Amino acid sequence: MADTLTPVLTDSWGSERSWTLAAYEAQGGYGALKKALAMPQDDIIAAVKDSGLRGRGGAGFPTGMKWSFIPQDNPKPKYLVVNADESEPGTCKDIPLMMATPHTLVEGVIISSFAIRAHTAFIYIRGEVLHVIRRVQAAVAEAYAAGHLGKDIHGSGYDLDVVVHAGAGAYICGEETALLEGLEGRRGQPRLRPPFPAVAGLYASPTVINNVESIASVPSIIEHGATWFASMGTEKSKGYGIFSLSGHITRPGQYEAPLGITLRELIDLAGGIRAGHELKFWTPGGSSTPLLTAEHLDVPLDFEGVGAAGSMLGTRALQIFDETTCVVRAVLRWTEFYKHESCGKCTPCREGTWWLVQTLAALERGQGSEADLELLLDQCDNILGRSFCALADGAVSPIASSIKYFRDDYLAHLTHGGCPVDPAAATVFATQGATA
Amino acid sequence: MSIENTTDVDLVSVTIDGIQVSVPKDTLVIRAAEQVGVQIPRFCDHPLLAPVGACRQCLVDVPDAGNGRGFPKPQASCTLPVAEGMVVSTQVTSPVADKAQQGIMEFLLINHPLDCPVCDKGGECPLQNQAMSNGRGESRFSADSTTAGLKRTFPKPINLSPQILLDRERCIVCQRCTRFTSEIAGDPFIEMVERGAQQQVGIAEDAPFLSYFAGNTIQICPVGALTSEDYRFRSRPFDLVSSPSVTEHDASGSAIRVDHRRGKVVRRLAGNDPEVNEEWITDKDRFAFHYAQQPDRLTYPQVRDEDGALRPASWPEAFAVAARGLHAAGASAVLMGGRHTAEDAYAYSKLARVGLGTNDIDFRARPHSAEEADFLASHVVLTGPEGGSVTYTDLERATTVVLVGFEPEDEAGVVFLRLRKASRSGTRVLAIAPFSTRGLRKMNGTLLPTVPGGEPAALESLLGHADHGLDASSVLLLGERLATVPGALSAAAALAAKSGARLAWLPRRAGDRGAVEAGCLPNLLPGGRPIADASARVDAATTWGVDALPETAGRDGDGIVAALLAGEVGGLVVSGVDPDDTADPAATRAAIEKAAFVVALELRETDVTRSADVVFPVAPATDKAGTFVNWEGRPRPFEAILSNPASLPDLRILAGIAEELHAIGAGAPLGFRTVAEARAEMADMGPWDGQRLAAPSVTATKATTTEGLVLSTWKQLIDGGTMQHGDKYLAATARPTVACVSQTVFDAVGPTVTVTGDRGSVTLPAVAVDDIVDGVVWLPANSLGRGVLADVASPGSRVTVKGGTS
């Protein structure tokens, strides 16, 4: 079983004071940086391209290709922005990574910035995780002191400054253009594209925006080579990734494995579903991805496999729910989240999430009729793909998929005149053997 | 100089609803669809604002983006530029697009209050109209439905400024208003705040929405979220009659729409004229119209009775009394202000020459000079867009625009908007002024710090200047205030001649430029005919059917005042003149008192009418047809909107006087009684095609004293002007009345200062301005008391500033 795991990013999470520069360097940290600084920059981009690394923030866009979109003949400065605004419900990979080994990220930032010829890089961390911000700030300060950052890094003639920026706590700022707005000091609302950030991003200059995990993967690619990285994973989804397992399982946590692993394998690694219970539904990539059920236990968790199953790999945030969970209740909570986080810019998301909550809440109370399910689905249809950014698409995903798989659960609320499920049964403090 | 040569534009061919159309590259699909007659519903889209794609109402299906592949989901047509070969299916042909639009409309309406029956916008509301055309007839969230939830509500309304009110629950957060203020006006005092369904337009606690252009946001609001204190709950749009007109407040020539009901103006809106004001007007143009509805409006002619009091008179009696009185008074002169239509100005001009036999006529009821009259004759009269004068569009094309004696935001707000637009696309704005105004900063302009009086030297320094050199792509905008600086207009003319830069003269009042064309100057006859030129006089006399015209150049406004005081002139026809606007208010008042016989033509009772011998009520701009010639030299004709028998157009009154004069053997009749007849005669007379007068060459004078501070002053857009009377909400949006001084002066005597000049002193709060030239104090010209000219001193003169107590 242990062979299934491929600890790279998580390898040293358990070592003594793993977040310090000394601990990181003791494990060979910043070796890739020295190697990269000696390489032609285009070779670094080529290596990342060849590795097949795809964005780990959810969309899975090839990272190397994104870098190659930066117009190098543009006289404006280039920027690297690291999206560390991890806020997707269920997603918990970037924050532990930055807590445990922030230098992996910092080293990745330096190599990536060097490759795209950026002299300033920003790490945009969600504001609520102050402890993580402090830890990354400390790591950046250590890196400056060690000469990994600043002027003429290790005699290469390359200069780089890294700014750690604290967000102000809006889910929408995980959307890359809203993040840029926030970074520029404006309201976090997504920008009209085109122009795309690669052409006119931060301060209207060419900008690469990558997820923490994508950037943190770069040093290992430089260190071990693109072929090594590409040897893991599946044909179109190469490499390893951190899978965050949460919910009704025995050992929730971060499991680093090659893409293409199945939930069945991951659940086994995590010690199985909560004792005495069975899997009811799960999210492959956070609450914005359509729900899957026990019938999807053997779907390979790569971009193509999950897509074929009608969902999305997303951020590999596997939220596991057993049969004690009321799906209507779970979906309503998520919908309330999206209503709260809708930025308000566009109509379908702003008004739609407001009314989805009301409609769902009525259904949870057992009010309405089966026709209201159709109304709800039609509302979802009028939101999906009609809004300015993907937030609203994410908001309707759990609703539409839950009605698809668990229509009877919804109808049970109507016939029961309210929720038929004991909410206490789903809690961690539920009595052993509690039943639905 | 020609307007866009459309053949140079790359065309792109697209198919919309099966109809192929070629449109210029980069055209947005929503506008390309208009070309095939398809109106896609929209809210956030506005042709003069940058695309935002916020409301999502304009979704269309794009089966082929021009590359053979379609978009999987409907696209917002307001943000999607056309591409060669693109295929678009709108709601007309695509069930997908139609459903998408109906879905968005449903979302827009579910939180929108159903207060249309009491909403100002009801009846002219894009949301209401498009809900009918592109929405579902019945709500799926009706109150009796089990899924009916609670609409989001807000307390309503809230004040964004003393004038602008916001009903947040009506707002569909399309961001038109906030985009207007940031993109067009440069006054981003309103911004979106909060998020999700709570997102709303807001202001900062200490910064209300005080913009000179705030009213435009009400007009472009696609729902009834923004309303004005002035108009809120005053009428329903379908009860109003709308008539196009032209603003009478400044020289911009802005197109306006006047909405009236039962003979009374209820509100005014911006007209749409892409060449002139685009779709924007100032708040003064929009809200200042109650002056014509004030109780002191004159409604019948009056003559001074034997007991010395004015008494009502019939029109024929008043004409006869006026004619006899002027005839008996000996030499007469005309002071007629800058507010008249070109036709009325022509009548004053002709009355002076053929009725009173004098060239003593001047429209410049403000500080002026002989140099200015010469400049107007040499560089301004007879220029117009057709003859290659500087136009609004030229401002956008200019590489550099130099503002001299001209503060656009205060003195011609729509010119400011166009200059700001130009500055955002690369035009460099330089200002020869004593300090950077907020307007200049909004144009990203550069200050060439200049003490009042130093303008000639500053202009000269621009020739071949290392940083600010001018060439043929540059424009000089010369404000009327330059008349107070000897040598400034001469220097500007010389600079233009040497550098190739073009120049334009910016008067403040709507009738100023028309009065120049009509010859309401001591040195010009109508059509730019120089009085000094015998052939020009003969030409005019022939048209008018008189034997000869007075040959000697007349007296200008100051000269007429002096002559009245000296008894050299006895009769005075005066109209639209506020003595406090003139170079020496006390002297003007004394001259009117001293005149043997005064005929006053006025809208409302004033100090002048109270001391006149005959008073005629004249029609306001709404009650007569006419033409304002704007600063470009562009004629802006308008028709009468209201019919009110209590007053007559000036030209009809002047015709009556001239006929009575003729009857007693003095002069000739005007030969016209109506605006149409006057227009016909003006067209018949035509422009002078002979030699123009030479440019003035007055040398600048050196300051003789260095005591005290130099007084800089101009009128703010919203101030104590008589045409803003009765508009209390507008008045409340005026900028604070403050003196601008340097930090040194402020530290020494602030925060309240008393400014003393040779005519008196005023006490007011001061603000320190960081880049004000040393030795200058600025006061708003007409925001306090009777104004700076009457109460303090002449602009450019020396004043003292001391600490004051408020």
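All of (1) crowded, with 19+ Cβ neighbours inside 10 Å; (2) more than 12 Å from chain A (Cβ to nearest Cβ) hold for B:Cys174 with one exception: (2). For region A:373-391, which residues satisfy the criterion of being within 7 Å of another protein chain (Cβ to nearest Cβ) and of a type in the set (D, E, K, R)? Selection gives A:Arg386 alone. Of all residues in region B:94-108, at least one satisfies being out of contact with any helix residue (DSSP H, G or I) (no Cβ under 7 Å at 6 or more places or on another chain), buried (at least 18 other Cβ atoms within 10 Å of the Cβ), more than 13 Å from chain A (Cβ to nearest Cβ) and more than 27 Å from B:Asp239 (Cβ to Cβ). State whether the residues of region B:129-151 include one that is of a type in the set (Phe, Trp, Tyr) and within 12 Å of chain A (Cβ to nearest Cβ). Yes, there is a match, as at least one residue in region B:129-151 is of a type in the set (Phe, Trp, Tyr) and within 12 Å of chain A (Cβ to nearest Cβ). In the set B:Thr90, B:Thr79, only one residue is touching a strand residue (DSSP E or B) at 6+ places or on another chain (Cβ under 8 Å), farther than 24 Å from A:Arg191 by Cα and modelled with pLDDT of 95 or more; that residue is B:Thr90. Only one of (1) over 24 Å from B:Trp714 (Cα atoms); (2) under 25 Å from the mean Cα position of the chain (by Cα) fails for B:His368. Which number is that? The one condition B:His368 does not meet is (1). Taking the numbered list (1) more than 22 Å from B:Arg604 (Cα to Cα); (2) outside any helix (DSSP H, G or I) in turn, B:His327 passes all entries but (2). Residue under question is A:Gly169, and the condition is that it be more than 16 Å from A:Val109 (Cβ to Cβ), surrounded by 13 or more Cβ atoms within 10 Å (Cβ to Cβ) and touching a Gly at 6+ places or on another chain (Cβ under 7 Å); does it hold? In short, yes.
State all residues of region A:357-372 that are part of a helix (DSSP H, G or I), at the interface with chain B (Cβ under 10 Å from one of its Cβ atoms) and in contact (Cβ under 8 Å) with a residue 24 or more places away in the chain; if no residue qualifies, say none. Correct list: A:Val357, A:Leu360, A:Ala361, A:Leu363. Does region B:488-501 contain at least one residue that is under 30 Å from B:Met682 (Cα atoms) and in a strand (DSSP E or B)? Checked against the condition, which is being under 30 Å from B:Met682 (Cα atoms) and in a strand (DSSP E or B), region B:488-501 yields no hits at all.
So that you can scan it fast, the table gives a plain yes or no per residue for (1) in contact (Cβ under 8 Å) with a residue 60 or more places away in the chain; (2) touching a Cys at 6+ places or on another chain (Cβ under 7 Å); (3) more than 14 Å from A:Arg386 (Cβ to Cβ); (4) part of a loop (DSSP other than H, G, I, E, B):
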{"position": "B:Thr15", "(1), (2), (3), (4)": "yes, no, yes, no"}
{"position": "B:Val21", "(1), (2), (3), (4)": "no, no, yes, no"}
{"position": "B:Glu34", "(1), (2), (3), (4)": "no, no, yes, no"}
{"position": "B:Arg56", "(1), (2), (3), (4)": "no, yes, no, yes"}
{"position": "B:Thr79", "(1), (2), (3), (4)": "no, no, no, yes"}
{"position": "B:Val88", "(1), (2), (3), (4)": "yes, no, yes, no"}
{"position": "B:Gln91", "(1), (2), (3), (4)": "no, no, no, yes"}
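Can you tell me which residue within region A:90-101, out of those that are touching a strand residue (DSSP E or B) at 6+ places or on another chain (Cβ under 9 Å) and buried (at least 24 other Cβ atoms within 10 Å of the Cβ), is farthest from A:Ser12 (Cα to Cα)? If we take residues in region A:90-101 being touching a strand residue (DSSP E or B) at 6+ places or on another chain (Cβ under 9 Å) and buried (at least 24 other Cβ atoms within 10 Å of the Cβ), then A:Gly90 is farthest from A:Ser12 (Cα to Cα).
Screening region A:340-356 for residues that are hydroxyl-bearing (Ser, Thr, Tyr) and assigned to a helix (DSSP H, G or I) and picking the one that is nearest to the other protein chains (Cβ to nearest Cβ) gives A:Thr347. On inspection, B:Val96 does not qualify as in a loop (DSSP other than H, G, I, E, B) and over 36 Å from the mean Cα position of the chain (by Cα).
Output yes when any residue across region B:121-140 is of a type in the set (Lys, Arg), under 29 Å from the mean Cα position of the chain (by Cα) and more than 27 Å from B:Arg418 (Cα to Cα), and no when none is. Within region B:121-140, one or more residues are of a type in the set (Lys, Arg), under 29 Å from the mean Cα position of the chain (by Cα) and more than 27 Å from B:Arg418 (Cα to Cα).
When B:Phe154 is tested against (1) surrounded by 19 or more Cβ atoms within 10 Å (Cβ to Cβ); (2) within 14 Å of chain A (Cβ to nearest Cβ); (3) under 21 Å from B:Val118 (Cβ atoms), only condition (1) is not met. Residues of region B:585-638 that are surrounded by fewer than 24 Cβ atoms within 10 Å (Cβ to Cβ) and in contact with a Lys or Arg (Cβ under 6 Å, 6 or more places away or on another chain): B:Arg604, B:Asp613.
Return yes when A:Gly307 is in a loop (DSSP other than H, G, I, E, B) and under 21 Å from the mean Cα position of the chain (by Cα) and no when it is not. For A:Gly307, the condition - in a loop (DSSP other than H, G, I, E, B) and under 21 Å from the mean Cα position of the chain (by Cα) - is not met. Taking region B:40-54 as the range and being more than 14 Å from every other protein chain (Cβ to nearest Cβ), surrounded by fewer than 24 Cβ atoms within 10 Å (Cβ to Cβ) and touching a residue at least 24 places away in the same chain (Cβ under 8 Å) as the test, the residues that pass are B:His46, B:Leu48. Filtered by the rule that a residue be among the basic types (Lys, Arg), over 20 Å from B:Val574 (Cα atoms) and in contact with a Lys or Arg (Cβ under 6 Å, 6 or more places away or on another chain), region B:644-696 gives no residues. When region B:678-710 is filtered for residues that are in a helix (DSSP H, G or I) and either surrounded by 16 or more Cβ atoms within 10 Å (Cβ to Cβ) or touching a residue at least 60 places away in the same chain (Cβ under 8 Å) (or both), the ones remaining, listed by number, are B:Ala678, B:Arg679, B:Glu681, B:Met682, B:Asp684, B:Met685.
In the set (1) in contact with an Asp or Glu (Cβ under 6 Å, 6 or more places away or on another chain); (2) touching a residue at least 60 places away in the same chain (Cβ under 8 Å); (3) surrounded by fewer than 24 Cβ atoms within 10 Å (Cβ to Cβ), the condition left unmet by B:Ser254 is number (3). Residue-level check: of (1) in contact with a Leu (Cβ under 9 Å, 6 or more places away or on another chain); (2) of a type in the set (Gly, Ala, Ser); (3) over 16 Å from B:Pro522 (Cα atoms), B:Ala621 misses just (1).
Whether any residue in region B:436-448 is β-branched (Val, Ile, Thr) and either surrounded by fewer than 20 Cβ atoms within 10 Å (Cβ to Cβ) or over 27 Å from B:Leu49 (Cα atoms) (or both) is what I want to check. Yes, the conditions are met somewhere in region B:436-448. Any residue in region B:189-212 that is at pLDDT 95 or above, surrounded by fewer than 20 Cβ atoms within 10 Å (Cβ to Cβ) and under 21 Å from B:Asn272 (Cβ atoms)? Checking region B:189-212: not a single residue is at pLDDT 95 or above, surrounded by fewer than 20 Cβ atoms within 10 Å (Cβ to Cβ) and under 21 Å from B:Asn272 (Cβ atoms).
The values are calculated or read from the model by the stated rules, or taken from the named source; none is laboratory data. The structure presented is a predicted model; accordingly, all values stated were derived computationally and were not measured. Methodologically, a virtual Cβ is constructed for each residue, glycine included, from the backbone with ideal geometry; neighbour enumeration extends over all protein chains shown.
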